[in-house]
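Below you'll find the structure, written out as C-alpha cells, and then a few comments.
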Amino acid sequence: MTSTVELLKIKFNQALVAAFGEDFATIDPMVVASTNPKFGDYQCNLAMSLTKPLKSNPRAIATQIIDNLIIDEICETPEIAGPGFINLRLKTDYLQIQLQKMLGDERLNIPKVNPNQKMIVDFSSPNIAKEMHVGHLRSTIIGDSIARVLEFQGHEVLRLNHVGDWGTQFGMLITYLKEVYPDALTTANALDLGDLVEFYRQAKVRFDQDETFKETSRQEVVRLQAGAEDSRRAWQLLCEQSRREFQLIYDDLGIKLTERGESFYNQFLPQIVEELDKIGLLVENQGAKCVFLEGFTNKEGEPLPLIVQKTDGGYNYATTDLAALRHRIETEKATRIIYVTDAGQTNHFMQFWQVAKRAGWIPENVELVHVAFGIVKGEDGKKLKTRSGETVRLRELLDEAVNYAKKDLETRIKAEGRTETQEFIDHVAEIVGLSAVKYADLSQNRTSDYIFSFDKMLSLQGNTAPYMLYAYVRIQGISRKGNIDWQKLETDIQLVLEADEEVVLAKHLLQLQDILEEVAKDLLPNRLCQYLFELSQKFNQFYEQCDVVKAREPQRTSRLSLCDLTAKTLKLGLSLLGISVLERM
Ligand code: ARG
C-alpha cells in the first residue's frame, strides 16, 4: 500500500500536470498530515508557492488544482482555506478498506521500500579503556532506533561501532600493562584487568610521574604501529577487556552492532595523505600535513587547517574518518551514511566531509548525515554527575533504573493486593527500567539537551515508557476479553466507523506509515514517540465513549478489531524504539 500522504502527492502531481502542463510534474506537492482536525486530515499548501511561476493568486490556483484533482475514492470534496490551503478529509469508506488491510497483516500493510538502499549507521562508538559515558548511551539508543526504522523499511543497514581502539594513549596503557602483568603477554588465557577505567587512571599517574615511563610509552606506540608482536598482544588484551564490558551493556539493551574500530582503517591512512597530495589539496604547515578549510577560520580570521598527518608522522581522528568514509562508499557501496554523535562533534564532520567532497570522493548519490544530539543533564540542570561528583557509570545507571522500577512495581503490587512470583517481578522491572531509559531519551527532540530524571521517566503518567507499556497491556486485555478467534475472522471483518472517537482513532492508526517515512527521512525518533503517545490518548477517548465488549454486533467485532489494531500498532512502534512489550505488568 502506498501511504496516504504518498498517494495524495501522486494525485496532486497529476492534477498539476492536467492544469498547468508537464513542466509541473516534478514539483513537490507538499502534502502533510494536518495537526489540527479543524483543517481536515491532510493539507496541501502548494498554491502559495506557485503564484510567481503562474502569475496568479493562490486561491485561484488552488481552485484550478482542485478542478483537476481526482480523489473521490479517498477524500470528501476538498476545501480551500485561508490564503490558498487545500484541506482534505478522508472518506470513511477509504478508511475502512485501508484498516481492514492492516488488520490481517503482520507489517500492518506497510510495504518494504522498493528499491531499497544500502545504509550505514555509525553509532555508539565508545573508546577503549575509557569511560563509556552517557553521551555514548544516547548515541547507542538513538542509533539503534534509527537503524530499526530503516531496517523495517527494508533498507540494507550496516550498524557500525566505530570504537576508538587506536591512538597514542595505547603506548601508555601497554607500558603499564607490561609493568603490572608481566606474564599477561605469554599466557594464552584471557586476562581480567578489572576495571579498565581505573587501570587507565593508574597508568596516567605513572605516565605523569615518571620520565622513563613516558619515554617507553612513546616507543611503545611506534612498536605497536610497526606491528611488534608483544605490543599487539597487549593491545588486543586491552581491547578484549573493553569489549567484554561494552558487551554487557549492549546485551542489557538488546543492541546489535558490528565492531569496526579506528584500527581497522590504519592500513588505508598513508594512502589518504598521498591522494590528497596528488589532488593538490595537501599543504605542509610547520611540519604537519594539512588541508586548509573553506569557511572555517581561527581567531585571527585565517583559514583553519585540518591536520591529516602530524609532525611526528602520526595520524588524526579526522584522517581515520576520511579513510572510513572512502571504505564505506567504495567497498561497502553505501549511499546513505549516518553518524550518531553529540552535537559537539558537528564541526569535525563538516570539516572532514568538506575535504572529502573537494577531493571528489563523494559521488552525487551519496548522502552524509550527522545525527547530532544534545547533552545529558542532571536534575540540577548541570552535566550529569553522581552524588559524589563523578561521571556516571553506565552500568550503574542502568542498574539503578531497574531497581527504581522494581521498587515502584513492588509498591503497586502490594497496593493492589496481588501476589506475584519473584521471577515475574524481576522480568517486569528489567523491561520497565531499561525501556524507561530508552524512551526518555527517544521521546525528546534529540537536538536539545535532556534532563535525566528517574522519577519522570518511570512515571505511569505522561509520555513515558511505563505509560506506553501499560496502555499496551490494557488494550491487549480488552481485545482478549472479546474472545475472538482472530485467525478465523481477520479476513472478513467488517469495520463500522460511526462514532467520532472511532473515526479519530481509525485516522490516527492509518498514519503510522506516514510517520515512519518521516522518521526515516528526518531521523527524529521523537516523532514516533509522539505518534504512539497520541495513539494511546485517542484510544482512551474511544474506550471512554464507546462500549466494546458489551456492544452489539457488528459494532462489537469492529471495535474489538480497533483495539487489536491499536495494540499491534503500539507493539510494532515500540519495537522500532527498541522496546519490547509486556503481556502483564
Ligand atoms: N569514538 C568517538 C567518541 O567517543 C565517536 C566516534 C563517532 N564516529 C565517527 N566515525 N567519528 O567521541
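I need the peptides 440-447, 544-551 ranked by packing, meaning the mean over residues of other C-beta atoms within 10 angstrom, with the highest value on top. Walk me through the numbers on the way to the answer.
Values: 440-447: 20.9, 544-551: 13.1.
Highest to lowest by the protection proxy: 440-447, 544-551.
Separation of the stretch 138-154 and the stretch 415-449 by C-alpha centroid, Å?
20 Å
What order do you get for 470-479, 508-517 when each peptide is scored by the mean count of other beta carbon atoms within 10 Å, highest first?
Working: 470-479: 19.5, 508-517: 21.1.
So the peptides 470-479, 508-517, ranked by packing, come out 508-517, 470-479.
If you average over every viewing direction, what projected area does the convex hull of the Cα atoms of the stretch 1-95 give, in nm²?
Across all orientations, the stretch 1-95 yields a mean hull projection of 5.8 nm².
How much net charge surrounds residue 192 when only the other residues with a Cβ under 15 Å from the Cβ of residue 192 are counted, with Lys and Arg +1 and Asp and Glu -1? Numbers along the way, then the final one.
Values: positive: 243, 244; negative: 183, 195, 198, 240, 245.
Residues close to residue 192 contribute a combined charge of -3.
Using the Cα atoms as the points, what is the convex hull volume per residue of the stretch 292-437 in Å³? Walk me through the intermediate numbers first.
Values: hull volume 32.8 nm³, N = 146.
Per-residue hull volume (Cα only) is 225 Å³.
Sum up the charges of everything whose Cβ sits under 12 Å from the Cβ of residue 574, counting Lys and Arg as +1 and Asp and Glu as -1, but leave residue 574 out. Mind showing how you got there, number by number?
Details: positive: 148, 438, 568, 571; negative: none.
Within the 12 Å Cβ shell, the charges total +4.
So what does the Cα-only Debye profile of the stretch 129-198 read at q = 0.13, 0.18, 0.22 Å⁻¹, as log10 I(q)/I(0), no solvent term?
Listed by q, the Debye log ratios stand at -0.61, -0.85, -1.02.
Rounding to the nearest 10 and keeping the result within 0 to 90°, find how far the Cα-based axis of helix 58-67 lies from the longest principal axis of the chain.
70 degrees
Using the Karplus curve 6.51 cos²θ - 1.76 cosθ + 1.60 with θ = phi - 60°, work out ³J(HN,Hα) for each residue of the stretch 158-170 in order, rounded to whole Hz, and write x for Gly and Pro.
Along the stretch 158-170, the couplings run 9, 8, 10, 9, 7, 5, x, 10, 8, x, 5, 4, 5 Hz.
Just how far, in whole angstrom, is the stretch 543-565 from the stretch 289-319 if you go by their alpha carbon centroids?
Distance between centres, Cα-based: 65 Å.
Quick one: helix 465-481 against the long Cα principal axis of the chain, what's the angle to the nearest 10°, folded into 0 to 90?
Taking the Cα atoms of the chain, the angle to 465-481 is about 40 degrees.
Under Stokes-Einstein, with the Kirkwood radius over Cα pairs standing in for Rh, what whole-number D in µm²/s applies to the chain at 20 °C and 1.002 mPa s?
Values: Rh = 27.5 Å.
It comes out at roughly 78 µm²/s.
Rank by packing, highest mean first: peptides 573-585, 45-57, with packing defined as the count of other Cβ atoms within 10 Å averaged across residues.
Working: 573-585: 18.6, 45-57: 15.8.
Answer by packing, highest mean first, reads 573-585, 45-57.
Using alpha carbons only, how many angstrom separate the centre of the stretch 163-217 from the centre of the stretch 453-529?
52 Å
Report the GluC sites (Glu not before Pro) located in the stretch 48-122 that are in a DSSP loop and have at most 11 other Cβ atoms inside 10 Å of their Cβ, or state none.
Those that pass, being in a loop and sparsely packed, are 73, 106.
FYI, it's all coordinate maths here, none of it is from the lab. Predicted model, so just to flag it, every value in this text is computed and none were measured. Glycine gets a Cβ as well: all are built from the backbone with ideal geometry, and neighbour counts include every protein chain shown.
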